[in-house]
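Since the structure comes first, as structure tokens, the remarks are kept for the end.
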Amino acid sequence: MYLFDDVPINFTPQPGPGAPLWQGRTNDSEELKDVAAAVHLAGGRIAALWGSDCRAEGKGFRIDCVFGLNEGHVCVRLDLPEDAPAYPDLSGIFPAANRMQRATRDLVGIATTGGPNGGDVRPWLRHGAWPADWYPLRHDAGNHDGFSNEPSDYDFVPMGGEGAHEIPVGPIHAGIIEPGHFRFSVIGERVLRLEQRLGYQHKGIEQRAIGADIVTGAKLVGRVSGDSTCAFAWAYAAAVEAACAIEPSPRALALRAVMLERERVANHLGDLAMLGNDAALSFGLSQFFRLKEDWVRLSAEFFGHRFMMDRIVPGGVAIDLDARALAAIVAQCEAIDREVGELRAIYDEHAGLQDRYLTTGIIDTALARELSLTGMAARATGMILDGRVYRQGYTPPAPYAELGVRPATDERGDVAARAAVRFDEVFESLRLLRLLAAGMPAGETRREVAPVAGGNGVGVIEGWRGEVVVGVRLDAAGRLARMHPHDPSWQAWPALEHAVLKDIVPDFPLINKSFNLSYAGQDI
Amino acid sequence: MIHLLKRILRTGIVSEAPPPPGEMQREMDRLQDEVLKILGRALTIREVDAGSCNACELEIHALNNPYYNIEGRSIKFVASPRHADMLLVTGPVTKNMENALKIAYDCTPDPKLVVAVGDCGCGCGEIGALFGPNYATCGAVENVIPVDVRVPGCPPAPLALMQGILAAIKTR
């Protein structure tokens with residue numbers, strides 16, 4: 001089917017119960033750019049971009065680009081020649097493409113052409129641990145660990161003028177937190193510019209996945225970002241199932257949703273704790289951390305793991321819940337619902353807390369769209385963008401279609417809005433968990449997955465942070481030829497750079513925490 | 001404010017205090033005694049995430065929740081390695097963090113204890129092997145800096161972390 005009036009590309013819907021997705025192939029670079037422009041015109045966003053080396057299969061290189069539209073997602077593929085592979089810079093259309101393109105150059109050696117100011121050619125994930133003319137995702141790269149590690153300089157954009165100075169922060173931050181580098185340009189305390197340098201957590205997950213069997217792939221993808229292990233495992237399973245043309249049972253899908261919503265609640269409780277703490281309300285830290293501990297202990301009891309790692313697998317789930325477990329989950333939802341309700345009243349009426357939250361770290365809807373922002377942070381700018389929610393022209397994937405998920409939004413775009421959306425999403429997830437428990441379908445939990453040689457699939461899941469996308473391609477032996485996990489933090493990190501402008505440096509920790517982005521998920 | 005005070009009163013102290021003197025409670029008491037006996041003061045820890053997926057960090061965070069209440073037991077997380085007795089390091093150590101980890105280690109004064117956390121940080125088990133050395137990582141923490149104690153797990157539960165911290169103190 002043709003999705004865009006002016007772009008003559010025939011898109012094929014991906015079969016299966018996953019989120020609506022169409023696959024298409026562009027004939028040349030210009031067409032890829034045309035699709036990007038058409039998506040932008042339709043109010044869409046870039047959701048992921050990755051490159052592959054297909055020379056071992058007698059082909060050239062290839063770029064896959066996933067765009068988000070109102071109706072669902074499109075995955076557009078562009079085949080590139082063996083020699084000097086290049087594709088057009090999309091960052092002029094979607095600024096969020098910048099870092100994805102730089103990572104693609106670092107890892108696969110596929111360059112971009114054109115682009116604003118001749119394109120941003122600074123490395124992104126390569127900090128000097130491997131040479132500039134060696135690419136880890138090329139089929140002939142080998143598993144080198146013998147390169148000399150020579151940390152390289154990075155060209156931060158300088159800010160000049162009288163009184164302007166820089167504050168470098170990281171990679172090791174003051175706290176129990178992942179590493180990354182923030183370069184603040186300030187006058188007095190006011191932030192003029194924030195530039196991030198990430199990639200410190202890069203551990204070559206994509207190279208590790210090449211040649212792995214699909215079960216090992218699930219273990220890798222479940223450790224892209226530990227706080228989103230269920231979202232990644234589900235997106236990966238959906239991609240593998242699409243590639244192998246199998247459908248998980250209704251019971252397996254419902255159990256996956258139970259885990260995904262439990263993951264959402266666990267993270268939101270933790271974030272609400274930290275949002276209290278970072279505004280000097282340690283009462284909030286203690287209370288929400290207590291609730292989170294109760295929550296993950298129940299996960300340990302019934303799912304065998306506090307964060308439910310490795311419980312979502314291709315073909316279904318690796319656990320099952322009996323009536324006693326479902327009853328315990330429902331009882332806990334009721335208790336947490338009551339307690340969070342009380343705590344919300346306390347947060348809302350606490351003048352000191354609200355003073356720190358209101359008008360701090362604002363992102364407006366237009367900027368959120370421009371930066372292809374998704375998830376909780378996008379909904380806190382007033383957007384109703386949630387893969388679990390019906391909207392005109394879009395039907396959410398099973399089992400969410402039957403649950404009637406109510407979206408949480410808040411138009412203020414500040415820290416207060418991101419806290420409010422978290423509260424609303426906790427209540428909604430608690431409601432969904434009770435619905436899921438009450439209507440749990442009977443049947444098997446796991447179906448055999450027979451890998452299909454050359455199979456290809458993309459999975460999209462609305463994780464607690466936003467849209468998680470995983471692309472999978474199988475080789476002739478049914479093993480992973482390529483697996484690309486995409487965390488929504490890719491688009492949200494640049495949004496954080498904008499959110500701190502006009503605020504003061506001491507507000508940064510609070511603003512940062514209100515997004516709580518993944519370093520590991522972006523650095524892969 | 002009245003709601004807040006009411007909430008505090010109603011919640012009471014949830015820190016898992018006796019009774020019952022379960023395994024966890026005994027472990028925590030023993031930990032506090034050992035810290036005071038060996039160091040004669042509080043133990044300070046600098047946590048360094050040198051490449052984890054952040055699941056280990058979630059469990060280290062949990063040590064600060066009221067159930068485990070690690071600060072109430074003479075153990076404090078500090079911001080600078082210069083203020084730390086111990087580095088609690090998660091991995092696998094990425095090449096991009098190798099240098100920063102070495103600098104943090106050099107900055108840490110004696111007793112300079114190092115606890116490697118998680119299967120990746122310890123280089124053990126199936127997950128440790130899956131995240132072994134490659135072009136982007138050095139693998140286990142001990143491949144980069146000397147390690148006193150290993151706490152395996154993916155991720156290790158808070159109680160295992162407490163036991164690891166205790167074991168490291170006892171090496172001195």
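The values are calculated or read from the model by the stated rules, or taken from the named source; none is laboratory data. Everything numeric here is computed off the predicted structure, so don't read it as measured data. Methodologically, a virtual Cβ is constructed for each residue, glycine included, from the backbone with ideal geometry; neighbour enumeration extends over all protein chains shown.
Taking residue A:344 as the residue in question, decide whether it is away from chain B (no Cβ under 12 Å) and among the basic types (Lys, Arg). So residue A:344 does not fit the description; no.
A single entry from A:458, A:421, A:415 fulfils the requirement of being of a type in the set (Val, Ile, Thr), in contact (Cβ under 8 Å) with a residue 40 or more places away in the chain and out of contact with any Gly (no Cβ under 8 Å at 6 or more places or on another chain): A:421.
Yes/no per residue for (1) among the charged types (D, E, K, R); (2) farther than 20 Å from residue A:386 by Cα; (3) touching a residue at least 24 places away in the same chain (Cβ under 8 Å):
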position: A:9; (1), (2), (3): no, yes, yes
position: A:32; (1), (2), (3): no, yes, yes
position: A:45; (1), (2), (3): yes, no, yes
position: A:49; (1), (2), (3): no, yes, yes
position: A:52; (1), (2), (3): no, yes, yes
position: A:57; (1), (2), (3): yes, yes, yes
position: A:80; (1), (2), (3): no, yes, yes
position: A:83; (1), (2), (3): yes, yes, no
position: A:98; (1), (2), (3): no, yes, yes
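Residue B:38 satisfies every condition listed in (1) free of Cβ contacts under 8 Å to residues at least 40 places away in the same chain; (2) more than 9 Å from every other protein chain (Cβ to nearest Cβ) except (1).
Considering only residues in segment A:28-58 that are among the small types (Gly, Ala, Ser) and part of a helix (DSSP H, G or I), the one that is surrounded by the fewest Cβ atoms within 10 Å (Cβ to Cβ) turns out to be A:56.
Restricting attention to segment A:213-253, the residues that are in a helix (DSSP H, G or I) and within 19 Å of the chain's Cα centre (by Cα) add up to 20.
For segment B:81-172, please list each of the helices (runs of 4 or more DSSP H) lying entirely inside it that holds at least 1 residues being within 13 Å of chain A (Cβ to nearest Cβ) and surrounded by fewer than 24 Cβ atoms within 10 Å (Cβ to Cβ).
In segment B:81-172, the matching helices (runs of 4 or more DSSP H) lie at B:95-107, B:125-130, B:158-170.
In summary, residue B:76 fulfils each of the numbered conditions (1) modelled with pLDDT of 95 or more; (2) within 13 Å of another protein chain (Cβ to nearest Cβ) with the single exception of condition (1). Pairs meeting the criteria (first residue in segment A:189-204 and of a type in the set (Gly, Ala, Ser), second residue surrounded by fewer than 24 Cβ atoms within 10 Å (Cβ to Cβ) and not in a loop (DSSP other than H, G, I, E, B), beta carbons under 6 Å, at least 6 apart or on different chains) are A:204/B:134. Does residue A:322 fit the bill of being closer than 30 Å to residue A:443 by Cα and surrounded by fewer than 16 Cβ atoms within 10 Å (Cβ to Cβ)? It is true that residue A:322 is closer than 30 Å to residue A:443 by Cα and surrounded by fewer than 16 Cβ atoms within 10 Å (Cβ to Cβ).
Pairing residues of segment B:143-172 that are at positive phi with residues that are among the hydrophobic types (A, V, I, L, M, F, W, C) and surrounded by fewer than 22 Cβ atoms within 10 Å (Cβ to Cβ), at Cβ distances under 8 Å and at least 6 apart in sequence or on separate chains, gives B:153/B:160.
Among the residues of segment A:295-302, is any aliphatic (A, V, I, L, M), farther than 26 Å from residue A:236 by Cα and within 11 Å of chain B (Cβ to nearest Cβ)? The answer is no; no qualifying residue exists.
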